[in-house]
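The values are calculated or read from the model by the stated rules, or taken from the named source; none is laboratory data. Values in this document were obtained by computation on a predicted structure and should not be read as measured data. Note that we place each Cβ from the backbone using ideal geometry, even for glycine, and neighbour counts take in every protein chain shown.
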Amino acid sequence: MEVGLVGKPNVGKSTFFSAATMTPVEVASYPFTTIDANRGVGYVTHDCPHTHLEVECDPNNSPCERGTRMVPIQLIDVAGLVKDAHSGRGLGNQFLDDLRQASSLIHVVDVSGSTDGEGNPCERGEHDAKEDVEFLEDEIDHWLKGILKDNWDKVSRRIEVSGEKLDKALYQRVSGLGITEVEVVRALRTVDIPQDTSRWEEDDFFVLARTIRKESKPIIIAANKMDLAAKGDLADLEGLGQAVIPTSAEYELALRKAKDSGIVDYVLGEDDFDILREDISDEQKKALQRIRAFMKENGGLGVQETLEKAVFDMLDMMVVYPVENENDYTDKEGRILPDAYLLKRGSTAEDLAFKVHTDIGEGFIRAIDAKTDRVIGRDHELKDGDIIKIVSE
């Protein structure tokens, strides 16, 4: 699964990316520091089943930290987006192409208003962050509209002559963007556009593009630089009616570095930390005090919460644990609860089999719920936290 980090230049996307993945990237206070997309691994958290089963897990693909399973996701930090990017301005074409396979998007916004529309530093509060939300969504929608509209006369004639279904024709146009046929069908059910595709106008294509984008690439807003923002800035963003998380990527990165250095004990997403060493400077102590105060006021630093919501809330995902032996929860190498997989809620035992390996999915015979020792069929709907053995040919 891939989550995209988007936003205009110089709002802290790369700092957010570094904090989430601990991958070093160039950070500077000028536009287009990021040219090529940065890719790395972040984690969403889940209660590890070993805490309820009286066993000790031996993780393979997903570390476990004091009962919290760290399930990996792919993060991509793309070049900053500016107005008219869909027409090729700035690094627009590259930006949009990099987002093709992202399942959800985290829009990093400078909530303090200290970055203008082009990504240049300005006085705090000088720029309205709400404008950034509106322009970015417009850019993505215009880009998608262009893909839908390209050579549409030819597609429309084919639909009329051959009777090809509209949803199939549209899906062929957007399948390379990580958009599913189901998402296209859902979009078509909700838009009010002419049934006669030869009569579609600019607005019809734009409405359809926007609806498909909302269905296929949901956006959550990381209200970054909250440590610099004035009271009321967050409320203005929340007034847009979208999911908004107060965030300080800079504080998160500093705290994770302090953890790696053995200065603090910090579990991802928690709203406090323990200082382990006293041999730190007064400046470091003051910095940690500022970070702690921010965490208490905002319920955390925002980076981890944003990742969790982008995956579990926006994409409606759950975590399932496949095993080879349902009695002791091990794989064939004897590792206990080795792997954790993200699946869409409503996924079946067969879906899990294909997630593990195509051959296992194609050879599916049955599955076993290790918690209940029940045999389940291919269409059995899995639940969050299930431990499942797949039996295949």
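GLY232 satisfies every condition listed in (1) under 24 Å from the mean Cα position of the chain (by Cα); (2) at pLDDT below 95 except (1). Counting only strands (runs of 3 or more DSSP E) that fall entirely inside the range 243-349 and contain at least 1 residues that are farther than 18 Å from LYS225 by Cβ, in contact (Cβ under 8 Å) with a residue 60 or more places away in the chain and of a type in the set (Lys, Arg), no element qualifies.
Pairs linking a residue in the range 140-158 that is more than 18 Å from LYS214 (Cα to Cα) to a residue that is modelled with pLDDT of 90 or more and of a type in the set (A, V, I, L, M), with Cβ atoms under 6 Å and 6 or more positions apart or on different chains, are VAL155/ALA169. Answer with yes or no whether ARG173 is at pLDDT below 90 and either over 18 Å from PHE16 (Cα atoms) or among the small types (Gly, Ala, Ser) (or both). So ARG173 does not fit the description; no. Quick check: anything in the range 218-237 without any contact (Cβ under 8 Å) to a residue 24 or more places away in the chain, surrounded by fewer than 21 Cβ atoms within 10 Å (Cβ to Cβ) and acidic (Asp, Glu)? Within the range 218-237, none of the residues are without any contact (Cβ under 8 Å) to a residue 24 or more places away in the chain, surrounded by fewer than 21 Cβ atoms within 10 Å (Cβ to Cβ) and acidic (Asp, Glu). The residue of the range 159-181 that is surrounded by the fewest Cβ atoms within 10 Å (Cβ to Cβ), among those that are among the charged types (D, E, K, R) and without any contact (Cβ under 8 Å) to a residue 12 or more places away in the chain, is LYS165.
Kindly evaluate LEU105 against the criterion of being part of a helix (DSSP H, G or I) and under 27 Å from GLN304 (Cβ atoms). Walk me through how you get there before you give the answer.
Values: part of a helix (DSSP H, G or I): no; under 27 Å from GLN304 (Cβ atoms): yes.
Answer is no for this residue.
Please go through the range 156-174 and pick out each residue that is of a type in the set (A, V, I, L, M) and more than 27 Å from the chain's Cα centre (by Cα).
Step one: list which residues in the range 156-174 are of a type in the set (A, V, I, L, M), which gives 159, 161, 166, 169-170, 174.
Listed by number, the residues that qualify are ILE159, VAL161, LEU166, ALA169.
Within the range 176-187, the set of residues being modelled with pLDDT of 90 or more and either in contact with a Cys (Cβ under 9 Å, 6 or more places away or on another chain) or not polar (S, T, N, Q) (or both) comprises ILE179, GLU181, VAL182, GLU183, VAL184, VAL185, ARG186, ALA187.
Residues that are modelled with pLDDT under 90 and over 29 Å from ASP227 (Cα atoms) do occur in the range 64-79. Scoring CYS122 on the criteria (1) under 30 Å from ALA229 (Cα atoms); (2) surrounded by fewer than 14 Cβ atoms within 10 Å (Cβ to Cβ) leaves a single failure, condition (2).
The single residue among TYR329, TYR341 that is surrounded by 12 or more Cβ atoms within 10 Å (Cβ to Cβ) and either β-branched (Val, Ile, Thr) or closer than 24 Å to SER216 by Cα (or both) turns out to be TYR341.
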